[in-house]
Amino acid sequence: MKKSTLINLLPLLIWCSCNQSETSNNIEGRDTTNSTSIELLLYTTADSTQLRITLVDTLRFTEHLQPLETETCVFVDSAQTFQTFLGIGGAITDASAEAFAKLSNDQQQALLTAYFDPRKGIGYTLARTHINSCDFSSASYTYVQDNDIELKTFNIAHDKQFRIPLIQKAIAAAGGELTTYVSPWSPPAWMKDNNDLLHGGKLKPEYFQSWANYFVQFIKAYEAQGIPIWGLTVQNEPMAKQIWESCIFSAEEERDFVKNYLGPTLGKNGLQDRKLIVWDHNRDLIYHRAQTIFNDTEASKYIWGMGFHWYEDWSGGNQMFDNVKRVHESWPDKNLIFTEGCNFPFEYSKITDWKWGERYGLSMINDFNNGTVAWTDWNILLDETGGPNHVKNFCMAPIHADTRTDKLIFSNSYYYIGHFSKFLKKGAKRMAASASRSNLLTTAFINPDGEQVVIVMNATNQPIKYQLMPGKYSASLVAQPHSISTMLIH
């Protein structure tokens, strides 16, 4: 089968597997330590096959007390549980909304179903969007006129053309609820010391209060459009001077802005229950930011958690997952949320390269194992150029819209994410999971209904036989080359 033909079949393949598993979420979880009647449903996505979150087998466990030293095993232990899962999703940007608007009604519905429908799609429950423009906007803009300190001209009319309608449709497709949080890339240029939306710069002290008020105006304006705002980050990538919208906050500056302005302002305006997230940048400096802010009790009391990205080492040599773990260990009362990641540079001919999905699997497994409660991809949709983007910072997305032919192109990143988002439910608890060989990556959760979800990834060129062992029971499985599998234990 030609690859181009396979691409067009991918949504059908996942929808077929979804219908097969439709009843699995209604089965009550059973005690896997006392019963040999426990059932395992195996869903797989694998390179060089047509498997895309496809139900490939239903197995029963047998007693298996002591594995041999030569056996490869994945051990799971439901008696040991950790953080509570919140959700998985992606960013609804101007670029996503503009690409979406160019699609036919049928393809628009296909996109919404693919992402947000929990039965026919991969069940996104989380969304991020931006305050003012970002690099994935067609042009730079803000919501106020220059020097309007009191924000009397604040108006989100720009967003009502494309972005707000898409978010509203996404909420409807998700069943009426979508946990949404917002992030600014830059304050208005006139509030900054470089008088520029782009190229870094800093917020001038005389505008600290106006900028805090700006968050309130944005949240209330979006909520007036039927888009509840669950949370907000203080600043996207606060240590990066970019050629696009950006603004620099040192750790001390972010701490003091939260403590003296943003936190109190949210409270005074009845928004104290919105989840305030700091950092929103890479794993490399995450501990220093946490140490500076969380050790200040007056600042820390306003903060729900810390967001992070994956761009600290794009070569893949050192993703610094341990830095996430160190923050979780040091401040277990604070939440960790992955707020952005994408593959780049963009090449149309490489949209379906298998490595893109494995990048997601590697990050998601490690981030969850190190204490992360939620995970957010970057743009949910981009066009055939990897944009639109006003600074030509083009990149990959799990789904691309070829607006010339009105086609959706599904990359394997979509399916790798789906192996988590489709099966993990809000309120799930991560449980202990451990592989006996380093060529398998694994994580595991218990859903609120007792269903156990085990994810195993094989990024090697060889099939790997292994035993899945919940307690004293075992099932024999094979991890196909360059594959990811989700196992549901009932």
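Each reported figure results from applying straightforward, stated rules to the coordinates on display, with no laboratory input. Note that the structure is predicted; figures quoted are calculated from it, not measured. Cβ placement follows ideal geometry from the backbone for every residue including glycine, while neighbour counts extend to all protein chains displayed.
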- [ ] State whether one or more residues within region 133-148 are in contact with a strand residue (DSSP E or B) (Cβ under 9 Å, 6 or more places away or on another chain) and at positive phi.
- [x] no
- [ ] Of all residues in region 447-478, count the ones that are buried (at least 16 other Cβ atoms within 10 Å of the Cβ) and under 25 Å from the mean Cα position of the chain (by Cα).
- [x] 10
Open item on the list: Can you tell me which condition Trp378 does not meet? The list is (1) in contact (Cβ under 8 Å) with a residue 60 or more places away in the chain; (2) touching a Phe, Trp or Tyr at 6+ places or on another chain (Cβ under 6 Å); (3) under 27 Å from Thr460 (Cα atoms), and all the others hold.
Closed with: (2)
Task: strands (runs of 3 or more DSSP E) wholly inside region 56-163 that include at least 3 residues being small (Gly, Ala, Ser) and surrounded by 15 or more Cβ atoms within 10 Å (Cβ to Cβ) - done: 87-91
